Amino acid sequence: MLSIEKNANLKPYNTFGLEVKANQLAICPDHESLLEIITYLHKNPTSYLILGGGSNLLFSKDFDGIIIHPTIKGIKVIKEDPKHIWIEAGAGENWDDLVAFCVNHNFYGLENLSYIPGNVGASPVQNIGAYGVEVKDCIEEVNGIYIEDATPFTMDNDECMFDYRYSIFKNELKNKVIITSVVYKLDKAGELNLSYGPVKDELFKKDERDLKTLRETIIEIRKSKLPEPSEIGNAGSFFKNPVVTKSQFDSLQKDFPQIPNYILSEDLIKIPAGWLIETSGWKGKSFGGAAVHEKQALVLINQNKAKAQDIINLANNIITDINNRFGITLEPEVNII
């Protein structure tokens, strides 16, 4: 059943832990409540925002409108064949709970994405990725509802237009649809993806080298590098890793021979944004109540009751400095509202 709270406190709904409010907050635990809120929007036109786990956004101020928060639950097997299994998960499921479910059942595909904060519904929007894996590699289809006319939809992988930290839901369909569930195609047997060197190094220190041990290893790595949002407000990686042309990289390498890189194609190379930020001396620096995390330069934190503008100003200062030093313009991965 639909529940609407007025003058709602959004601190529990954003992992930066900012003190912001919304005129209204609609909690939608099922399809019926989503249809109700869509009808409500048509009768009472106002600005709105679809909010999942709040782990990839930064509210710049109080939200003058209605927050739609789908909390649809459920993880189930919908079909299988000798090699694969298809899992459907509700948009409101915690992402890491889904990964744990898959690993515990020995389903291969999502294990490298362990311990990423947020909900299932956000996974295709951002095309979340980590340690050599992107979620697009496992998504079979995305289900949802069009806000304009309340009709349901199902989009296959190609229709989602996935790219690095990108999907159709971030652009053409932004704020036009509400995702209700995602279907993942996973392998019943497979090889561990150890393309990310540090993961391989840590795993090979252990006696077992299976799905569960890989998941445990990745969680250990993430905990050692990233602060817990429940302890220090943050949204994980604040910036995207920039992608440059080979000629641009060759020029950079002359001045910075040690610059790390990942080859994407013959002409495209990805550079770790964290390295650029750390090399420029930003690690541990603060601005107002915001700071760059002392262990991971890619993470901006709410260190001391930060205001949104503290975080935004810190981010802008970093962007300007990196552009001046390297000729690279960093793009925020976090969605600034």
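Residue count for the stretch 260-283 satisfying the condition of being crowded, with 17+ Cβ neighbours inside 10 Å and among the aliphatic types (A, V, I, L, M): 5. Specify the residue that is surrounded by the most Cβ atoms within 10 Å (Cβ to Cβ); the eligible residues are those in the stretch 198-220 that are out of contact with any Ser or Thr (no Cβ under 9 Å at 6 or more places or on another chain) and modelled with pLDDT under 90. It comes out as LYS200.
Regarding the stretch 111-123, can at least one residue be identified that is crowded, with 18+ Cβ neighbours inside 10 Å and in contact with a Cys (Cβ under 7 Å, 6 or more places away or on another chain)? Looking through the stretch 111-123, none of the residues is crowded, with 18+ Cβ neighbours inside 10 Å and in contact with a Cys (Cβ under 7 Å, 6 or more places away or on another chain).
In the stretch 120-131 there is at least one residue matching the filter, namely being touching an Asp or Glu at 6+ places or on another chain (Cβ under 7 Å), in the same structural domain as VAL182 (by TED's automatic domain parsing), in a helix (DSSP H, G or I) and among the aliphatic types (A, V, I, L, M).
Can you say whether ASN44 is over 14 Å from the mean Cα position of the chain (by Cα) and of a type in the set (S, T, N, Q), as far as the supplied structure shows? Judged against the criteria, ASN44 is a match. Within the stretch 168-186, residues that are of a type in the set (Lys, Arg) sit with their Cβ atoms under 7 Å from residues that are crowded, with 21+ Cβ neighbours inside 10 Å, at 6+ positions apart or across chains, in these pairs: LYS170/VAL125; LYS185/CYS138.
When each of SER195, SER237 is tested for being at pLDDT below 90, surrounded by fewer than 17 Cβ atoms within 10 Å (Cβ to Cβ), outside the structural domain of ILE38 (by TED's automatic domain parsing) and closer than 15 Å to ALA130 by Cα, the lone residue that passes is SER195. Among the residues of the stretch 52-91, write down those that are within 16 Å of ILE128 (Cβ to Cβ) and either among the basic types (Lys, Arg) or not in a strand (DSSP E or B) (or both). Listed by number, the residues that qualify are GLY52, GLY53, GLY54, SER55, ASN56, ALA91. Restricting the search to helices (runs of 4 or more DSSP H) fully inside the stretch 187-303 and requiring at least 2 residues that are under 17 Å from LEU113 (Cβ atoms) and not β-branched (Val, Ile, Thr) gives 197-203, 211-225. Listed by first and then second residue, the pairs with beta-carbon distance under 6 Å, at least 6 apart or on different chains, first residue in the stretch 137-152 and surrounded by fewer than 19 Cβ atoms within 10 Å (Cβ to Cβ), second among the basic types (Lys, Arg) and not in a loop (DSSP other than H, G, I, E, B), are GLU140/LYS185. Taking the listed residues ASP30, ASP81, ASP97, the one that is free of Cβ contacts under 8 Å to residues at least 40 places away in the same chain, surrounded by fewer than 22 Cβ atoms within 10 Å (Cβ to Cβ), closer than 20 Å to VAL142 by Cβ and not assigned by TED's automatic domain parsing to the domain that holds GLY236 is ASP97, with no other qualifying.
Scanning the stretch 132-159 for residues that are closer than 23 Å to THR39 by Cβ and part of a loop (DSSP other than H, G, I, E, B) yields ILE147, GLU148, ASP149, ALA150, THR151. In the set (1) part of a strand (DSSP E or B); (2) without any contact (Cβ under 8 Å) to a residue 60 or more places away in the chain, the condition left unmet by LEU49 is number (2).
The values are calculated or read from the model by the stated rules, or taken from the named source; none is laboratory data. From a predicted model like this one, the values you see are computed outputs, not experimental measurements. All Cβ positions, even for glycine, are placed from backbone atoms using ideal geometry, and neighbour counts span all protein chains on display.
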